[in-house]
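Here's the structure, in structure tokens; my notes come after.
Values quoted throughout were computed directly from the atomic coordinates according to the rules given, and no laboratory measurement underlies them. The structure displayed is predicted, hence computed values, not measured ones. Glycine also receives a Cβ, built like all others from the backbone with ideal geometry; neighbour counts cover every protein chain displayed.
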């Protein structure tokens, strides 16, 4: 049996039925499905069971929590009963907030988001983050890992620098991954799946290039096969 590829398919659908159908089509080929804010806010905890189905696929709950430590701890504790494999928080919330999430959800991998991949260098400067995005991502990464985060979300453009900063024991998750020739849509800092893995990523977040295709299962299988070929070379 082929090992599922290290891909988290972003189930960014407005309806639960569509997201569940996409999940069932891709789970033979990928390790993880990702539930974001739209689905979770519309359907609540039921969405997790619906996309997990009988496959036991890992669920990545991408809520990007960002609040005072007490509030984030309560939120992390509330969703931990759903047994997501991964839960995101914003590294910009600071070390006390990250630590609170880690302690509140000990059986879930807390992933700290360094910088959103939709932000360009000009965007970062406008909100007061100076210098190259890679430098800021490394600072956020070091802060988050020091506070107990077991995983980091970073652009594939910064993944090599972040890996050098935090070492081999931290899971690096990269959104902004687009197969060669795919539309970048609202992502500013992107890379191909093969490049992201070669630079040190552990889990690739891919959404519309899979879910927007006529056959999401076939699209997922194709990307998974390409990654397996790269890993063998």
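Things to note:
- Build a GNM of the chain with springs between Cα atoms under 10 Å apart, and of 88, 32, 192 the one that fluctuates most is 192.
- Cα gyration tensor shape of the chain, rounded if a/c is under 1.5, else prolate or oblate by comparing a/b with b/c: oblate
- Only helices enter this figure: runs of n ≥ 4 DSSP H residues, each worth -39500 (n - 2.57), summed and divided by the residues of the chain, yield -12500 deg cm²/dmol at 222 nm to the nearest 500.
- Prolate/oblate/rounded call for the stretch 1-100, Cα gyration tensor, a/c under 1.5 rounded: prolate
- FRET efficiency, 1/(1 + (r/R0)^6) with R0 25 Å, evaluated for residue 81 and residue 38 via beta carbons: 0.70
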